[in-house]
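Structure record follows, encoded as structure tokens.
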Amino acid sequence: MANGSLCLASVILTLLALEVATRLWYAPHTFFDWTNRIEAHRRHDVSTDIYDPVTGFGGSPAFVSTAPGREQRTVRPMPALPAGAVAEPPILTTGDSFTFGWEVADGETWPAYLQQDLRWRTVNGGVMGYGLDQIVLRTELLVRQVRPAATVVAFIADDILRSEMSRIWDVEKPYFEREGDRLVLRNAPPPEPAVANRLTLVQRLLGWSVLYGKVVTRLDGIETEPVGRRVRALPRGAGEALACPLMRRLAALGTPTLVVALYEPRVWTGPPAESTELRRVSAVVVACARAAGLPTVDLHDTLDKAIREQGFGAVFGQGTDHLDARGNRLAGAAIAAALRPLLPAPATR
């Protein structure tokens, strides 16, 4: 009995020591914050608040355009247009949380800086947590509704992994299967969530643990699992096979479209093998976009140069998972330079 108690105490102390070490190494800003991170994430996550029969989930009710008859789907508010800026037709931007601008203010997203640099009204159609499949589906919807002068579609490597799922962030989503050169849409429309944001027993017990999140991430190879339940619909790696057909769908929209590769902090903070893999997956999508005749911008070197010259804080804020205002400013300027030649004459006035 005594030996059993001693073993249990040793295991508990060892796990606590590993938790402290993990926090000090990966997330020192959380050292005194032992709240349930998963529960907090769910409580503040605005991405999955609205059911969408096409993409599974949309944006938050707070992000709805007031323009009558335009941008019927939820979009994030933008700063006021500069004097003399082009208002119609707008530029449309779509993507995941990096486009939406999670962890920054409305005026600090890269679409906001794009609008400022080009002096052209820009619609921020980014939605947190989207896979590449959802990004393309939403782009098709918004292009028909907004009728933009040009579209910017941005992604990170994790979006390709998300396209292999039929359930993510604890919400059902559609997904594509490839049959030859055709894409067949499955789980569409996805069922409405019966119970939103329900935590599993394991998530309730271990949601406070940074160590748990890191272990699950490494074992499963996808960062979303510690935060939300998901169901894999396609075998690992199948998302890459969807990239070229998805890019061809964007090209078929008939509007000038720029495809942008953005990057997560773990490209710089993770192990070298992980960084190499994320860059490889991004390069697959960029190559598919080019093969479909779409212009592209790969922002790795732009971000990497700023990090090497000015430090990690020149792009990503401490304790954040996304570009901060400075990183978005840098991305917005690079995207503006690439998009300017694609815009009609008013951009050069």
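Keeping all protein chains in position, work out how much accessible area ARG167 exposes to a 1.4 Å probe, and write it in Å² to the nearest 10.
50
Using a probe radius of 1.4 Å on heavy atoms only, what accessible surface per residue do you get for the stretch 261-349? Whole Å² is fine. Please report the intermediate quantities before stating the final value.
Working: 4180 Å² over 89 residues.
The answer is 47 Å² per residue.
Can you tell me how much longer the chain between ARG340 and GLU177 gets when fully stretched, taken as 0.36 nm per residue apart minus their C-alpha distance, in nm with one decimal?
On the way: separation 163, 0.36 × 163 = 58.68 nm, distance 3.50 nm.
Roughly 55.2 nm would be gained on extension.
In Å³ and rounded to a whole number, note down the convex hull volume per residue for the Cα atoms of the stretch 132-183.
So the per-residue hull volume is 106 Å³.
The values are calculated or read from the model by the stated rules, or taken from the named source; none is laboratory data. All figures in this text were calculated on a predicted structure; none of them were measured in a lab. Keep in mind that these areas ignore ligands, DNA and RNA; they rest on the heavy atoms of the full protein, side chains included. Shrake-Rupley method; radii C 1.70, N 1.55, O 1.52, S 1.80 Å.
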